[in-house]
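Notes to accompany the following structure.
The values are calculated or read from the model by the stated rules, or taken from the named source; none is laboratory data. Keep in mind it's a predicted model, so treat the numbers as computed, not measured. As a convention, Cβ positions derive from the backbone with ideal geometry for all residues, glycine included, and neighbour counts pool all protein chains shown.
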Amino acid sequence: MNRSVPQMAADLFEKLSWPDTTEEEWRRTDLSRLLPKGMLDKTADLPILGTGDINERPAPLLPENYAARVITERGIPVAMALSEEAVKKGLSIQWVSQDSSPEDFPTDLERSANAELNTETDRITAWHWRSFPGALHISLSESVRLKEPVIIEEKLIAGDEQSPLFSAPHLHIALPGSGELNLLWCFYGAPEVQESVIPVVNAGLTASIGENSLLNIALNQNLGNGVVFFLHDHLLLERDSRLEFTEAHFGGRLVKTRGRVILSGKGSEARINGLYLAEEDS
């Protein structure tokens, strides 16, 4: 990979402070009050996980009428299956590790990363791009409308029950002109850890949606009431394209999502909906 992205993110991370209520996007999210002192610093000091190789992973059972299924653990793929029909139609799912060579790192993914890091970013976003192990790059061929959904299942697996737990999964979707993709991104599997350990997920979603295309995303997060869940997204829509994005969060110590949807062409449209459920004492 071109080291400019993680290096740029690392440089920004060192220069920035954790977001506070003086920033517009964080004015209702007081991290200093909601999280234990020093918790984010301790988690951010964790080493980057191994980047993995999706080609060496087994194929999971593919549910009927699904185009593909990918299982990831702490952001790293452990299993993947694509239907033959979806592959023939032009569906491609590629694992791009953070240490990929420049020629293997997709230009559109690097462009999205630079777009985020070169605008008014925050330390949470910089942290993601600094520490993400890699990205799942999902693309379709031109003029392919794939009705069958793609499901991505992210599991937060614990190691040492006393160690901080961190995951930085990233999805990038490249949808060319006159395409359609339906994606389900699931987070589940609350890890068994000591009460003093606070799991943190810092997820990223980037997409480029071509002319006259439809991208339908449903995100379901059910990691338990102890997790801190951050999500940032950067979604670019071309002329006459449409985005349907629904988030559903079931519990969480802290859930914070933010992002930018760029309507760069006439007739483009985005609909974003969120559902947040928590137990009475959460």
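Out of the residues in region 239-282 that are of a type in the set (D, E, K, R) and under 19 Å from Thr119 (Cβ atoms), state the one that is modelled with the highest pLDDT.
At the first step, the residues of region 239-282 found to be of a type in the set (D, E, K, R) are 239-240, 242, 244, 247, 253, 256, 258, 260, 266, 269, 271, 279-281.
Checking which are under 19 Å from Thr119 (Cβ atoms) leaves us with 256, 258, 260.
Details: Lys256: 96, Arg258: 91, Arg260: 92.
Per the stated criteria, the residue is Lys256.
For every residue, the table says whether it meets (1) in contact with a Cys (Cβ under 6 Å, 6 or more places away or on another chain); (2) under 30 Å from Thr21 (Cα atoms); (3) surrounded by fewer than 17 Cβ atoms within 10 Å (Cβ to Cβ).
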{"residue": "Ile93", "(1), (2), (3)": "no, no, no"}
{"residue": "Ser97", "(1), (2), (3)": "no, no, no"}
{"residue": "Thr107", "(1), (2), (3)": "no, no, yes"}
{"residue": "Arg111", "(1), (2), (3)": "no, yes, yes"}
{"residue": "Arg123", "(1), (2), (3)": "no, yes, no"}
{"residue": "Phe132", "(1), (2), (3)": "no, yes, no"}
{"residue": "Ala135", "(1), (2), (3)": "no, no, no"}
{"residue": "Ile138", "(1), (2), (3)": "no, no, no"}
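So, in region 145-164, of the ones that are of a type in the set (Lys, Arg) and assigned to a strand (DSSP E or B), which residue ends up modelled with the highest pLDDT?
My answer is Arg145.
Could you identify the single residue in Arg69, Arg145, Arg111 that is in contact with a strand residue (DSSP E or B) (Cβ under 7 Å, 6 or more places away or on another chain), charged (D, E, K, R) and closer than 23 Å to Gly210 by Cβ?
Unique residue meeting the criteria: Arg145.
Once region 66-79 is narrowed to residues that are modelled with pLDDT under 95 and more than 16 Å from the chain's Cα centre (by Cα), the residue that is surrounded by the fewest Cβ atoms within 10 Å (Cβ to Cβ) is Ala79.
Among Gly210, Gly226, Gly204, which is the only one that is in contact with a Lys or Arg (Cβ under 7 Å, 6 or more places away or on another chain) and over 16 Å from Leu275 (Cα atoms)? Full working, then the answer.
Values: Gly210 fails: in contact with a Lys or Arg (Cβ under 7 Å, 6 or more places away or on another chain); Gly204 fails: in contact with a Lys or Arg (Cβ under 7 Å, 6 or more places away or on another chain).
Within the list Gly210, Gly226, Gly204, the selection yields Gly226.
The set of residues from region 5-30 being touching a residue at least 24 places away in the same chain (Cβ under 8 Å) and not in a loop (DSSP other than H, G, I, E, B) comprises Val5, Pro6, Met8, Ala9, Ala10, Leu12, Phe13, Glu25, Trp26. All of (1) on the phi > 0 side of the Ramachandran plot; (2) part of a strand (DSSP E or B) hold for Ala218 with one exception: (1).
In the condition set (1) at pLDDT 95 or above; (2) part of a helix (DSSP H, G or I), Lys42 is compliant with all but (1). Is at least one residue of region 251-267 within 21 Å of Val150 (Cβ to Cβ), of a type in the set (Lys, Arg) and not in a loop (DSSP other than H, G, I, E, B)? Within region 251-267 (the criterion being within 21 Å of Val150 (Cβ to Cβ), of a type in the set (Lys, Arg) and not in a loop (DSSP other than H, G, I, E, B)), the answer is no, since none of the residues qualifies. Do we find that Asn220 is surrounded by fewer than 22 Cβ atoms within 10 Å (Cβ to Cβ) and either touching a residue at least 60 places away in the same chain (Cβ under 8 Å) or under 16 Å from the mean Cα position of the chain (by Cα) (or both) in this structure? For Asn220, the condition - surrounded by fewer than 22 Cβ atoms within 10 Å (Cβ to Cβ) and either touching a residue at least 60 places away in the same chain (Cβ under 8 Å) or under 16 Å from the mean Cα position of the chain (by Cα) (or both) - is met. Taking the listed residues Glu56, Glu103, Glu23, the one that is surrounded by fewer than 18 Cβ atoms within 10 Å (Cβ to Cβ) and at pLDDT 90 or above is Glu23, with no other qualifying.
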